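Student: Here it is: the structure, laid out below.
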Number of protein chains: 2
Amino acid sequence: MTVIITAFERSPDGGRGLARDTRVRWALEEVGQPYEVRLVSFRAMKQPAHLALHPFGQIPTYEEGDLALFETGAIVLHIAERHAGLLPDDADARARAITWMFAALNTVEPPILELATATLLESDKPWSKERLPLVEDRVRDRLKQLSARLGNADWLDGGFSVGDLMMVSVLLRLRSSGILDEYPNLAALVARGEARPAYKRAFAAQLAVYTASERQAD
Amino acid sequence: MTVIITAFERSPDGGRGLARDTRVRWALEEVGQPYEVRLVSFRAMKQPAHLALHPFGQIPTYEEGDLALFETGAIVLHIAERHAGLLPDDADARARAITWMFAALNTVEPPILELATATLLESDKPWSKERLPLVEDRVRDRLKQLSARLGNADWLDGGFSVGDLMMVSVLLRLRSSGILDEYPNLAALVARGEARPAYKRAFAAQLAVYTASERQAD
């Protein structure tokens, strides 16, 4: 069955791979599932046709025959459950891998999103400069705990899993802040993720979309 | 196999059911799985024994024989997958229910957490009063979209599922802000959740812990 995902017609991250379609592309590449991409403009994302697919007017979405999903976490878990390669066979190990996926999305990412909000949406506010260190320290609190747990291991729990895919994707958003480099084992975790052939293909694919949009805008 | 979860020895929410163990208690009550609770103090949560169970030093955790999980979303999904009652039988409907669980945790909850941070941790800051409306409006953006999708339906996608359980649990945190009541169909969704016998048992159980801790403190 053909898999169709949506992505930004022109990603606001300038092709750095931080838009959430990269996470889905990466998962699809890891399991070897071909996919098609439908690009949507910012305007189209808020129109009824796209809102019917994604009630919050975002990307990515996932269509496979009659099934339509939104939410990156749900899409990536769906891919991991239906194909080999992203979840261990052992039931307990599988539950732990899924735990790391939730930890990435619901414990590590929220303070990182707050930091993005503070730097992108509130940088012109009078409190911006004084408040930023507070927000950065909330990110550090989480990273310190994550770093302590990871220790010298290559991945979060045994072999590479969907939990690592999601954690690396979340941590990638921190690179430009410099905070990631304060935790060398986490920076190394991210580097191991980026070195995977599947990630490289996913990154190249999203960059190609951005590069094409740039050429069109010229 | 005995299920053991952890909860606050003395919940900072004063027994209002907003601590995350309530979500796990609710799921266990919905599927009829008995459970035991181990209470942990704020101090114990940051000690090595608890950090071995939960790397971020929080509650709840979940133990079942050799399996140890953390992250409320992962725990609730695990319960829903292993027992009947929280996920539809149809594979597509099941994936959509899980989608709503992720939407609750990763799209709706983050701005609600930001609002909690703004009111609890930054209320003494010079920017607090001026910044609060911005944060509240980010919550409204999400709720408006969620309200539009829910429409007149009882639940988010067909019958009650783990997606509704998680969304109601997330929205409950907004009640004291007054924002929930701006969206009558969302307030009604929350009321339907709270009216479920399983929720009532979960709420009563967490309140009993808080009440006992109060007596002890007297």
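Only the coordinates and a few stated rules stand behind these numbers; no lab work does. What you see is a predicted model, and the numbers here were worked out from it, not measured in a lab. So basically every Cβ, Gly included, is an ideal-geometry build from the backbone, and we count neighbours across all protein chains shown.
Student: Taking 2.2 N^0.38 Å as the expected size of a compact globular protein, what ratio does the Cα radius of gyration of the stretch A:91-196 give against it, to two decimals?
Tutor: Dividing the Cα Rg of the stretch A:91-196 by 2.2 N^0.38 Å gives 1.12.
Student: What is the sum of charges around B:Asp66, taking Lys and Arg as +1, Asp and Glu as -1, for the other residues whose C-beta is under 13 Å from the C-beta of B:Asp66?
Tutor: Value of the local net charge: -3.
Student: Turning to a different aspect of this structure: Could you line up B:Lys129, B:Lys144 from fewest to most neighbouring Cβ atoms inside 10 Å?
Tutor: The fewest-first ordering by Cβ neighbours comes to B:Lys129, B:Lys144.
Student: With label points built 7 Å along Cα→Cβ from the Cα atoms of A:Leu39 and B:Thr211, find their separation and express it in nm.
Tutor: Distance between the two pseudo-spin positions: 6.2 nm.
Student: If the cut-off is a Cα-Cα distance under 16 Å, which lysines reach B:Lys144, setting aside same-chain residues fewer than 8 apart in sequence?
Tutor: Counting by Cα, and skipping residues close in sequence, B:Lys144 has these lysines nearby: A:Lys46.
Student: Comparing A:Trp26, A:Trp100, A:Trp127, which has the greatest mean-square fluctuation in the GNM of chain A with Cα pairs linked when under 10 Å apart?
Tutor: Residue with maximal mean-square fluctuation among A:Trp26, A:Trp100, A:Trp127: A:Trp127.
Student: Would you mind listing the distances between the B:Asn152 label point and the same position in each other copy? Use 7 Å along Cα-to-C-beta, nm, one decimal, shortest first.
Tutor: 6.5
Student: Right, next: Spelling out what I want: for every residue of the stretch B:90-107, take phi, set θ = phi - 60°, compute 6.51 cos²θ - 1.76 cosθ + 1.60 (Karplus), and round to whole Hz; glycine and proline get x.
Tutor: Per residue, the Karplus-derived 3J(HN,Hα) values read 5, 4, 5, 5, 4, 4, 5, 4, 5, 4, 5, 5, 5, 4, 4, 7, 10, 10 Hz.
Student: Can you compute 3J(HN,Hα) from phi for each residue in the stretch A:158-174, using the Karplus curve 6.51 cos²θ - 1.76 cosθ + 1.60 with θ = phi - 60°, rounded to whole Hz and x for Gly and Pro?
Tutor: Result, rounded to whole Hz: x, x, 3, 9, 4, x, 5, 4, 6, 5, 4, 4, 6, 5, 3, 5, 8.
Student: Further, regarding this structure: If one puts a single equal scatterer on every Cα of chain B and applies the Debye formula without solvent, what log₁₀ I(q)/I(0) results at q = 0.14, 0.16 Å⁻¹?
Tutor: -0.91, -1.17
Student: Which of B:Asp89, B:Asp141, B:Asp66 moves most in a GNM of chain B, Cα contacts under 10 Å?
Tutor: B:Asp66
Student: Write down Rg/Rh for the protein assembly as shown, rounded to two decimals, with Rg from the C-alpha atoms and Rh from the Kirkwood relation over Cα pairs.
Tutor: Checking Rg against Rh, the ratio lands at 0.94.
Student: Next question, about the same structure. Given the -39500 (n - 2.57) contribution per DSSP H run of 4+ residues, what per-residue ellipticity at 222 nm results for the protein assembly as shown, rounded to the nearest 500 deg cm²/dmol?
Tutor: -17500 deg cm²/dmol
Student: A further question on this structure: Can you grab the distance from the C-alpha centre of the stretch B:167-218 to the C-alpha centre of the stretch A:16-32, Å, no decimals?
Tutor: With the stretch B:167-218 and the stretch A:16-32 each reduced to a Cα centre, they are spaced 37 Å.
Student: Measure off 7 Å from each Cα along the Cα-to-Cβ vector at A:Lys129 and B:His83, then give the distance between these two points in nanometres to one decimal.
Tutor: Rounded to a tenth, the inter-label distance reads 5.5 nm.
Student: Could you list A:Ser177, B:Ser176, A:Ser161 so that the one with the fewest beta carbons within 10 Å of its beta carbon is first and the one with the most is last?
Tutor: B:Ser176, A:Ser177, A:Ser161
Student: Please work out the Cα convex hull volume for the stretch B:9-133 and give it in Å³ per residue.
Tutor: 138 Å³
Student: How shielded is B:59-65 by partner chains, expressed as the average number of their Cβ atoms within 10 Å of its Cβ atoms?
Tutor: Averaged over the peptide's residues, the number is 1.
Student: Something else about it: Could you pull out which residues in the stretch A:130-161 have an amide N less than 19 Å from a spot 7 Å beyond the Cα of B:Leu120, following the Cα-Cβ vector?
Tutor: Only A:134-143, A:145 pass the distance filter.
Student: Run down the lysines and flag those whose C-alpha is under 19 Å from the C-alpha of B:Lys125, throwing out any fewer than 8 positions away in its chain.
Tutor: Partners within reach: A:Lys125, A:Lys129.
Student: How charged is the neighbourhood of B:Ala187? Take every other residue with its Cβ under 9 Å from the Cβ of B:Ala187, and add Lys/Arg as +1 and Asp/Glu as -1.
Tutor: -1
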